[in-house]
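Read through the structure below, which is laid out as structure tokens, and then see the notes.
Nothing in this text is a laboratory measurement; each read-out follows from the coordinates by a stated rule. Given the structure is predicted, the values throughout are model-derived calculations rather than measurements. Heads up, the Cβs are rebuilt from the backbone with ideal geometry, glycines too, and the neighbour counts pull from every protein chain shown.
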Amino acid sequence: GLGAPVLQYLAAAGVGTLGIIDDDTVSLSNLQRQVIHDTQSVGQPKVESALATIARINPHVRVEGHQLRLDADNAEALIGNYDVVVDGSDNFTTRYILADAAAKVGRPLVTGAMGRFDGTVTVLVPYAIGPDGTPNPSYRDLFPEAPPPGTVPTCAEAGVLGVLPGVIGSLQAMEVIKLITGIGEPLVGRLLLYNALNVRFETIRYKARKPK
């Protein structure tokens with residue numbers, strides 16, 4: 001669901017070229033959180049549905065659809081043509097693949113994640129040196145290892161509050177705009193946490209791990 005608000009806000013902002021990677025089709029259960037689709041989109045590939053919505057929002061934006069599953073073999077080639085990468089996936093396998101690929105090709109990665117009522121956002125630029133003269137942290141500095149399979153349910157398995165992707169995805173879109181315009185201070189080395197039930201925002205700092 002994170003990709004929906006990210007795409008809508010970036011299209012509305014006039015970002016020149018957007019790329020979408022998704023191999024799934026729209027189902028009725030998606031609609032409470034993936035607001036880029038509607039009931040008429042059910043059964044369509046998500047890429048095609050998103051392309052149509054973006055064209056209505058801003059026909060001047062170029063959109064490149066990639067109707068396939070991102071994996072370790074195609075990730076670098078897919079993201080290498082873009083200036084900023086956004087992760088809206090719902091599983092650790094894809095997150096690690098995307099983070100590793102973005103680091104290798106030297107692209108900033110705005111990554112977000114959600115639980116049932118909470119979400120996180122951070123910006124990863126591990127290929128660059130931070131203001132303190134040390135390397136910026138990577139995704140593997142934040143999460144050295146994926147949790148054992150089955151211990152962390154996906155959004156589809158655990159459910160997610162329908163408006164939560166709107167909050168987290170909007171924050172991701174803001175980070176992208178900051179990166180491409182050079183304004184503000186992106187969430188590099190900082191993990192933003194949001195709890196919808198008590199309306200609390202917190203930010204924790206993290207650093208690159210020292211080599212052993």
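For region 52-75, the tally of residues that are part of a helix (DSSP H, G or I) and touching a strand residue (DSSP E or B) at 6+ places or on another chain (Cβ under 8 Å) stands at 2.
In region 82-94, the residues that are more than 12 Å from Leu2 (Cβ to Cβ) and free of Cβ contacts under 8 Å to residues at least 12 places away in the same chain form no Cβ pair under 9 Å with any partner that is part of a strand (DSSP E or B) and not aliphatic (A, V, I, L, M), whether six or more places apart or across chains.
Yes/no per residue for (1) surrounded by fewer than 20 Cβ atoms within 10 Å (Cβ to Cβ); (2) basic (Lys, Arg):
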position: Ala4; (1), (2): no, no
position: Leu7; (1), (2): no, no
position: Gly19; (1), (2): yes, no
position: Asp24; (1), (2): yes, no
position: Ala50; (1), (2): no, no
position: Arg56; (1), (2): yes, yes
position: Gln67; (1), (2): yes, no
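For Ala102, the conditions (1) within 14 Å of the chain's Cα centre (by Cα); (2) closer than 30 Å to Pro148 by Cα; (3) surrounded by fewer than 21 Cβ atoms within 10 Å (Cβ to Cβ); (4) not β-branched (Val, Ile, Thr) all hold with the exception of (3).
I'm told Ser170 meets every condition in (1) in contact with a Phe, Trp or Tyr (Cβ under 8 Å, 6 or more places away or on another chain); (2) without any contact (Cβ under 8 Å) to a residue 12 or more places away in the chain; (3) under 28 Å from Leu18 (Cβ atoms) except one. Can you identify the failing condition by its number? With respect to (1) in contact with a Phe, Trp or Tyr (Cβ under 8 Å, 6 or more places away or on another chain); (2) without any contact (Cβ under 8 Å) to a residue 12 or more places away in the chain; (3) under 28 Å from Leu18 (Cβ atoms), Ser170 is out only on (2). The set of residues in region 163-199 that are surrounded by fewer than 18 Cβ atoms within 10 Å (Cβ to Cβ) and in a loop (DSSP other than H, G, I, E, B) comprises Val163, Gly182, Ile183, Gly184, Glu185, Leu197, Asn198, Val199.
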